[in-house]
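Below is one structure, written out as structure tokens; comments come after it.
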Amino acid sequence: MRKFMLDETDKEAALENFKAFLTSLDPTQQKQSFEVTTKIGANTLPKAKIFFTAKAYIKMRSLVDTTSSEIGWHGIVEHNESGYFITDIIVYPQEVSGVTVTTDETEYMKWLYDFEDDVFNKIRMQGHSHVNMGVTPSGVDTTFYDATVAQLAKDDYYIFIITNKSGSTNAWIYDKAQNVIYDPEDIVIDVIFLNPTQTATKWTEEVKKVVKAKYAAYAAPAVKANYPAKSKYADVDKEYYFDGYSDTMKPYANATDEAIMNALGNRSGRGKNKGKNKNKNKNKNTDIIELGEDKWYTNENGVMIKI
Ligand SMILES: [Zn+2]
């Protein structure tokens with residue numbers, strides 16, 4: 001969190017500090033520097049809230065998900081004491097490549113001035129995708145941000161967003177009216193549904209109450225012949241297996257036969273007795289398991305196969 005500009009009190013305080021600095025110069029150093037910070041303590045102000053409408057959020061995510069190059073867009077923003085509401089996303093004329101977005105100034109201005117005043121005045125957000133890269137602004141980005149912010153009227157605000165395909169998102173709010181710059185750590189982003197009291201965060205918190213982690217049951221070697229658990233891995237087309245030691249599935253493609261056999265043995269608690277295991281599996285009928293409408297059996301390698 002930073003101040004946009006130092007106010008008179010800040011300037012006076014900085015001058016006092018500078019005077020003190022001048023009277024205590026280090027005689028052994030030829031060059032000495034004095035720093036002025038615009039930083040505000042993180043808890044001085046509450047975090048700023050950016051709310052996307054569901055429409056705006058889905059548009060933004062769809063745009064990023066379906067575009068393999070960088071791409072930029074504007075947001076229609078409304079601001080009140082509750083937060084900054086991004087009600088829609090619009091895509092401006094641009095030329096995109098893997099790592100850059102350029103705009104033809106004439107074409108862009110023509111596009112921009114075609115909007116009615118009530119929309120034009122709400123175009124207060126620029127976002128762009130970093131595709132699969134991190135969401136830290138590049139030198140080009142910060143130069144663009146500086147140039148945009150320099151044009152803001154003294155009671156104006158502007159939001160910048162960088163996101164990527166994995167959903168990482170950084171936002172900055174330059175609020176000149178409040179004299180505050182909110183950095184990503186000072187901002188909470190959420191999505192509102194049609195009912196404005198319902199947000200994506202509230203919804204996910206609510207639904208997670210009925211979702212229980214079951215990994216422990218899969219991981220515990222003490223669980224004997226846990227077939228329903230086993231079948232879940234067969235269900236993903238044998239791409240993964242569970243090694244029985246950690247709760248992370250391992251790709252079959254990278255596994256040696258021995259590793260897979262060990263894993264299956266460990267998981268079922270029968271790893272030390274492969275001979276017995278094998279004989280049992282020869283009789284398919286004894287190992288057929290029904291899960292819903294599907295039937296499964298265990299083949300000679302101990303792998304669950306859907307019939
Ligand atoms: Zn960028």
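Descriptive notes on the structure:
- Residue match in region 103-110 (condition: over 17 Å from T163 (Cβ atoms), within 16 Å of the ligand (Cβ to nearest atom) and surrounded by 12 or more Cβ atoms within 10 Å (Cβ to Cβ)): yes
- Of all residues making up region 1-28, the number that are farther than 30 Å from W172 by Cα and in a loop (DSSP other than H, G, I, E, B): 5
- A48 away from the ligand (no atom under 15 Å from the Cβ) and under 17 Å from the mean Cα position of the chain (by Cα): no
- From the options V131, V149, residue that is at pLDDT below 95, within 13 Å of the ligand (Cβ to nearest atom) and β-branched (V, I, T): V131
- One residue stands out in region 134-146 among those that are of a type outside the set (S, T, N, Q) and more than 8 Å from the ligand (Cβ to nearest atom): the one that is nearest to F4 (Cα to Cα), namely D146.
- Of the numbered criteria (1) at pLDDT below 95; (2) within 22 Å of the chain's Cα centre (by Cα), the one D118 fails is (2).
- Looking across Q126, Q151, one residue alone is under 13 Å from N170 (Cα atoms) and either touching a Phe, Trp or Tyr at 6+ places or on another chain (Cβ under 9 Å) or exposed (fewer than 12 other Cβ atoms within 10 Å of the Cβ) (or both). It is Q126.
- Comparison of T169, T199 shows that the only residue that is surrounded by 17 or more Cβ atoms within 10 Å (Cβ to Cβ), closer than 18 Å to I58 by Cβ and away from the ligand (no atom under 13 Å from the Cβ) is T199.
For (1) within 14 Å of the ligand (Cβ to nearest atom); (2) without any contact (Cβ under 8 Å) to a residue 40 or more places away in the chain, each residue gets a yes or a no:
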site	(1), (2)
T67	yes, no
I71	yes, no
Y84	no, no
V101	yes, yes
D117	no, yes
K122	no, no
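The values are calculated or read from the model by the stated rules, or taken from the named source; none is laboratory data. Note that the coordinates shown come from a computational prediction; the quantities given were computed from them, not determined experimentally. Here the Cβ is made from the backbone with ideal geometry for all residues, glycine too, and neighbour counts use every protein chain on show.
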